[in-house]
Amino acid sequence: MKDKSCYFLLFIFILSIFAGVINGQVEWVDLDPPGTRDRYGTQTYCAIWYNILFKTPTIGSIGPSPSTPSVTGFTANNLGSNTTTTTYYISFMMPLGSLAVSFSLNLGGVITELPIETYSCEAVPLPDIELITSSFSNQYTYPRNIYYFYFRVKNFIKRHKPVLNSPTTTPTQWQVMEEQYESSNEYIFSITPPTNPFSTFTQNLTVSIGWAYRPNMEVFPLQVMSPFANVPAHSYLISELVNYPPDTSKFIDSYTMFRLKTNVPVMPLIIFQYNRPIPVYGTPTDAIYFIALSNYADTNIPSFILNTTDYTLIQNYPFTYRPTYYGSRAVISNSIQLVAPPAGLPSTVGTYKATFEWTRGGIKDNNIMTSSGTFANPSYPFSIVYKNDTTYRSTVSLFYSTDMASSTYEVQMNMNPVNMPITPGSDALPPVIKSFKVTQVPNINQVIVSLHIVDDKSGFYILYRGDFNITQNDLVSGTVLDGIYEKVIFLNYSNSYKDFDLCDFAENCQSVSSDTYLNADVLFPPRVGLEGAGLITFSLDGEITAAYFEKNNIDTTNQTVSTTMYFNVTNPIKYEKPYLSFPFQLGDSTVNKIFFGHWNDTSKIYEIPFTLPKNMFTGNVLYSLTFFGFDIKTDFLFQKFPTSILSVSSADADSMGPVLTSFDPYPSQTVTVSSRAKIGWTFTIIDRLNGFSNGSLTITNDMDQMEYTINFNVSERISGDKFNSTYRMVFTISPSCLTKTFSILKMTLIDEAGYRSGLSKYDDTDNAAFMNFLNGTANYLLTTCAPPTDTTPPTITSFVVSPTTVDVGSENRDISFTLNVTDPSGLTPLFTPTIYLSASKHEILECKTILKFPGAIATSYGCSMTLPRGFGLNRGFILSVYGVVDAFSNMAGFAGADLAPNQYYVPTTYSNTVPDILTVDYISRLGQVYVYGYSFGLTNNSQVLVDMLDGSGYKQKATSFNSSVLLVAHGVVTNSTFRVQVLKVDINGNLLSREYEVKFQTNDIIIDSSSSSSPASSSHHEESSSEEIIPIQCAGSPMCGGEERGVCLASGCQCIHPWTGIDCLAKPVSIPVPVTNKTSPTTEFVVKSETNTKTSFKNSISVISLLEKSNDGATINEYPFSLWEWSQETTNGIEKNIYINTFANKNDQSPITLTVSTQYFHQDTNVTFAGTTYLLNQYSIKFSINITKYTFTNSLNTLQVIMAASMSVQDADKDVCSGQEFGTLASRSEYFKLKVDDHSLYGKFIKKGIIDGKIQSIHNSFLGSDAKLTNKPKEASTLIGIDVGFYQKSVSLDPDFSVLVELSKAKDTCDSAKKSGLTTPQLVGIIIAAAVVFIAIIIVSAIMISRKYRFTDTVIKMRFMGRK
């Protein structure tokens, strides 16, 4: 599969590298992702558009260039501007063919031509269609409502598929729909069988498709085999048909079961309108079928059974619509008022009290919504302060922002509004994003999102879109008026965002996008998520290479079975967690069971372990494989990979949940309560083969509507066994009671295989457990009590909160409550009150109390909880108490304003100083610990301490990734439990977090341990070969420099940044910015020795020639370079020197243009190439080389790029020696060292290249010295050859050079050199100065844009996918 790199990183490189100089006056950025315009046009024209950001605040006008008269319908709309930039949406139409797109800009009266790109407009070609799947495997699988078939159009080569017209079918009763699927040329269609006439079921169908913009609305027929065409003829016998309820009038929740015998093991098609019955007991030749019937109107539902082409009416099912039985409610009155703020409440917030009076009845929702859309829906009994048999009252006391620039404030409860006049505040502006940064977390599919947000008055509250949000709780530095926010975001294919909603506490919101919040401080338009939004393409037929199971035929008779699925793809994303979804039929509902898998780096394959329940119905198991957001159906897998068919069997199936066969109120349906009594229900549960396991029963009543749940399991039965068992579930009621009706609100029954059934008062589709009693009243129990002697609700005598102020930015955010209540008749033992904590913006938490000290009159309750970080930040929170019920069901609730002033408001502080560990992940194969939490600091001043529990105590581990919310440490090698702490050193001293214990798990996710590449890096190329990791011995003494510098892996030392080298004993040192060479792409720089101030080292790296070589190594053609054309540009503050050399091919005299660019980097930078991301060290010099198409003498020949590197010592006051070293690194790279005295120049060469768009292995040759570059005691030099085989379109190569400082001395090297006859003196050590020469050889198209704009080559720019 193509490397799915992160969408936000994709945008980093667009703005980092696509910004160019326009006639020296203005820079511009194409905001559209690559491939956006890679689509077909109509038969006559293409509609083209651009979103372009200009790095200037004003542009007079934009129009089509006079050189493009064929352009029509040109529009340029200004999307917005700020003090530094302005953004335009530009659209137009162009005719078929190639066009050099260019715009005409009016810049202060000066007309400037702006070339953009050469665009090729192509019409939709005559499709070359190939069916991938055209039939369905139906044997031993029960008939489905939806099937899928796949086809491709082989000559659709653009990234975006042409639009399909609505398909038609023959027979017309079949329904066909195109599924959304991101592939450049593959299509998925879902087909739904008809409901009538039934004779069409067995007919093969023709799906006629056509594409928009093809001439004459032409249609292409696809022949698809009916899923039922191959059902063999068979005899059948239907018996034991039972309806639930048994009468002929079916309600919404109705069920049918019947027995079907056939003479062949096949599941016939049985039709109940849109539903299909499923077999739950028996075998394919003798099965019991079950179906849930539903309808919302008076009608008849016929059912039929299909046998080949014949069908037989089973039964007509008359349906009678039944309205909901839980009644409705209406508002009687409402009111709202401001209340005096409690002591200590900031002036930026006020409090209000809203009251609603309702009629009884209806669902127990009590949702709150403001006029701005802020919404909360706490659980019952939130807001209830009073109830009687006809009405109830809801009262809430919550915050609002006094900064709102509004004169009214609206509150809605259950969609009933009430308005309150308020004094308008002065905050009318939404927050502003000052910076937005996205950083890839090494080796896993996570990023750190960092924002700098300011607000003028009330403070930032939230930035969100979909399931992505950053709130005040993510504040890591500053305040909500001017703060830095950080959050770890887990990536998948579906969460790709460019646009967001941004709000403050005064409910000022705006929709922001890269076009509007891009400013001088934001250097890229980030899109949080993987590269997506329609740009990821996934080729099912090309990417998936294998799919099979450890066991294909599984006997589940009376046993659960665990097995594993294996599958592979062409380019695995090793951090991806694929999963299997099994639609196991659980009673009357389909509940998907999901099992997650991982990449196994040893066997080089994905594996998903899973467990099948016992006694499954014999047949092929339908499942869905989800990989990187793509849902891969069994219709595709079964046909392409027969090994992907998973078959199960059992002597007798049981896939039905437990069912009640008796259900009786206890001691009777009506109970007169004159003394303490136990009441409840006695019921019998059957589960044929699996056996009942456990369940729960939730009881409510019609007066206070409070809920009481009883959990039970098979061991609590009063008679029988797990297959047929009887239970009695009771609760105690006292004579001090109120006449009321108890009922079953919800019931869940689960058997030993995990199949479940239920009863739900408010869900008519989940009542299979109760299907024998659908028309009955057994779930109701009426209690008759003497007239109440107490009609007064309980009162609170004391309410203690500890602590009275909470630091919500610290690691200790615990809070506890003690509630003392009194009532003359006593409190009910069935229910306990709930304490609600309400912060700004209706953020509400719940704390369910427990009974601490019961009493005849006075009762004490308590609860405790840990507050979320940042809860009530800067404003505190309000306390409310609801659900206080006495024995007579007199119910009391207390909104915050109804409590004592010192009881209902809790102020908060936010220290954000002591580090706080949230969770820790351990990747054992890498020896890496990922520590998630808060307050780790923004200045890399936190340390990870690990106690291996071996008696040696805590030791510091080297960190390779730092942020305020995540630390990544190395060197933890263990297979047992260990503990982690974080130590932060700052102006507050040494701050130590609490301990966090990590329990080792053997099924931890295995990540490629031989590469330090970031898994979310981007590559738009297919990898055609893979390298096997050959174990090599780790170098160094201590090995790999010790645990603080490196980790020994099977592929060698993996160094911890900044350490590098084969033994991790070298690291970069600072060098000055190299002097620009305006005559040739030769970079020279001088490094002062850190051990001898009188000594310096001169380094030189250059591209010197290009060779064509035969397959026996002979040079056929040589192209030495001499004359270069030089220019310079600046991108993101980094100067780029550009050198152009054009020469003639000696084979056919065709022009070859060589473009070399050099850049100096002053900080660490992540660089991506050929699917691998690695670190470009600080103080780096990067070479990028572009060559146009080369015509080879012979296709067996190779092209070799020759580079030269040298190092020499100057002003040495002692004898020195020099030498060379070559080898292989753990990162699958080859390397060389040029050693002189105590320094060495170091080069790395990745053994991969992108050749004609595919990732392939390449060869690097270290040619040693030649006559011009000889090794002397004070000088070392080498030539490097990068060999590229025959290619037709393009090539990209990616070596890099580094200069490092090393800890090891070279004395032994020099001594051994003397023994070998060398005359070099003692080599003291190896220091490599810190210039990295990052060389990328990218072959661009033969026809280049004019030299004036050739530096905008997008292939070069794809390297800058992120910054460390």
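The values are calculated or read from the model by the stated rules, or taken from the named source; none is laboratory data. Predicted model, so just to flag it, every value in this text is computed and none were measured. Every residue, glycine as well, gets a Cβ built from its backbone with ideal geometry; the counts of neighbours run over all protein chains shown. Surface areas here come from the heavy atoms of the whole protein model, side chains and all, with no ligands, DNA or RNA. Shrake-Rupley method; radii C 1.70, N 1.55, O 1.52, S 1.80 Å.
Some observations on this one:
- Meets criteria (at pLDDT 80 or above and either surrounded by fewer than 21 Cβ atoms within 10 Å (Cβ to Cβ) or of a type in the set (Ser, Thr, Tyr) (or both)) for Ser1290: no
- Of the residues Val973, Val980, the single one that is open to solvent by 20 Å² or more (accessible area, probe 1.4 Å), in contact (Cβ under 8 Å) with a residue 40 or more places away in the chain and under 33 Å from the mean Cα position of the chain (by Cα) is Val973.
- Hey, Tyr922 in contact with an Asp or Glu (Cβ under 6 Å, 6 or more places away or on another chain) and either open to solvent by less than 40 Å² (accessible area, probe 1.4 Å) or at pLDDT 80 or above (or both) or not: no
- Just one residue in the set Gly720, Gly695 is small (Gly, Ala, Ser), under 47 Å from the mean Cα position of the chain (by Cα) and at pLDDT 90 or above; that residue is Gly695.
- Filtering Arg465, Arg527 for residues that are under 22 Å from Leu53 (Cα atoms) and either modelled with pLDDT of 85 or more or charged (D, E, K, R) (or both) leaves a single hit, Arg527.
- Strands (runs of 3 or more DSSP E) contained entirely in region 830-898, each with at least 2 residues that are touching a strand residue (DSSP E or B) at 6+ places or on another chain (Cβ under 6 Å) and open to solvent by 30 Å² or more (accessible area, probe 1.4 Å): 844-848, 850-853, 858-866
- The number of residues in region 925-938 that are open to solvent by 20 Å² or more (accessible area, probe 1.4 Å) and either over 29 Å from the mean Cα position of the chain (by Cα) or within 13 Å of Leu966 (Cα to Cα) (or both) comes to 2.
- Residue count for region 432-443, restricted to those that are β-branched (Val, Ile, Thr) and open to solvent by 20 Å² or more (accessible area, probe 1.4 Å): 1.
- Out of Ser889, Ser860, Ser880, Ser864, one residue alone is closer than 30 Å to Ser825 by Cα, touching a Leu at 6+ places or on another chain (Cβ under 9 Å) and free of Cβ contacts under 8 Å to residues at least 60 places away in the same chain. It is Ser860.
- Every residue from region 390-403 that is part of a strand (DSSP E or B), at pLDDT 90 or above and either open to solvent by 40 Å² or more (accessible area, probe 1.4 Å) or farther than 24 Å from Val881 by Cα (or both): none
- Residue in region 666-676 that is in contact with a Pro (Cβ under 8 Å, 6 or more places away or on another chain) and either within 25 Å of Thr748 (Cβ to Cβ) or of a type in the set (D, E, K, R) (or both) present: yes
Each row is one residue, and each column tells you yes or no for (1) crowded, with 21+ Cβ neighbours inside 10 Å; (2) farther than 30 Å from Gly1041 by Cβ; (3) aliphatic (A, V, I, L, M).
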position: Ala1066; (1), (2), (3): yes, no, yes
position: Lys1088; (1), (2), (3): no, no, no
position: Val1103; (1), (2), (3): yes, yes, yes
position: Leu1106; (1), (2), (3): yes, yes, yes
position: Ile1116; (1), (2), (3): no, yes, yes
position: Tyr1119; (1), (2), (3): no, yes, no
position: Trp1124; (1), (2), (3): no, yes, no
position: Ile1140; (1), (2), (3): no, yes, yes
position: Thr1155; (1), (2), (3): yes, yes, no
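- Residues that are over 24 Å from the mean Cα position of the chain (by Cα) and among the charged types (D, E, K, R), drawn from region 548-582: Glu550, Lys551, Asp555
- Residue satisfying all of: in region 754-772; open to solvent by 10 Å² or more (accessible area, probe 1.4 Å) and either assigned to a loop (DSSP other than H, G, I, E, B) or at pLDDT below 80 (or both); nearest to Phe712 (Cα to Cα) among these: Gly754
- Residue count for region 35-83 under the criterion of being in contact with a helix residue (DSSP H, G or I) (Cβ under 7 Å, 6 or more places away or on another chain) and either without any contact (Cβ under 8 Å) to a residue 12 or more places away in the chain or not in a strand (DSSP E or B) (or both): the result is 1.
- In region 1065-1077, the count of residues that are part of a strand (DSSP E or B) and among the polar types (S, T, N, Q) is zero.
- Lone unmet requirement of (1) in a strand (DSSP E or B); (2) within 23 Å of Gln43 (Cβ to Cβ) for Ser190: (2)
- Candidates Val396, Val480 - the one that is in contact with a Phe, Trp or Tyr (Cβ under 6 Å, 6 or more places away or on another chain) and more than 29 Å from Leu926 (Cβ to Cβ): Val480
- Whichever residue in region 899-915 is more than 19 Å from Ala839 (Cβ to Cβ) and open to solvent by 10 Å² or more (accessible area, probe 1.4 Å) and, among such residues, is modelled with the lowest pLDDT: Ala900
- If you filter region 726-740 down to residues that are part of a strand (DSSP E or B) and open to solvent by less than 40 Å² (accessible area, probe 1.4 Å), you find that the one that is nearest to Ser825 (Cα to Cα) is Ile733.
- Residues satisfying the stated conditions in region 662-696, i.e. open to solvent by 50 Å² or more (accessible area, probe 1.4 Å), in a loop (DSSP other than H, G, I, E, B) and within 16 Å of Ala769 (Cα to Cα): Arg688
Yes or no, residue by residue, for (1) at pLDDT 80 or above; (2) open to solvent by 40 Å² or more (accessible area, probe 1.4 Å):
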{"residue": "Thr564", "(1), (2)": "yes, no"}
{"residue": "Asn568", "(1), (2)": "yes, no"}
{"residue": "Thr590", "(1), (2)": "no, yes"}
{"residue": "His598", "(1), (2)": "yes, no"}
{"residue": "Glu607", "(1), (2)": "yes, no"}
{"residue": "Tyr623", "(1), (2)": "yes, no"}
{"residue": "Gly629", "(1), (2)": "no, yes"}
{"residue": "Phe636", "(1), (2)": "yes, no"}
{"residue": "Gln639", "(1), (2)": "yes, yes"}
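- Residue in region 955-971 that is polar (S, T, N, Q), out of contact with any Pro (no Cβ under 9 Å at 6 or more places or on another chain), part of a loop (DSSP other than H, G, I, E, B) and modelled with pLDDT under 90 present: no
- Within region 773-785, the set of residues being open to solvent by less than 60 Å² (accessible area, probe 1.4 Å) and either at pLDDT 90 or above or among the basic types (Lys, Arg) (or both) comprises Leu781, Thr783, Thr784, Cys785.
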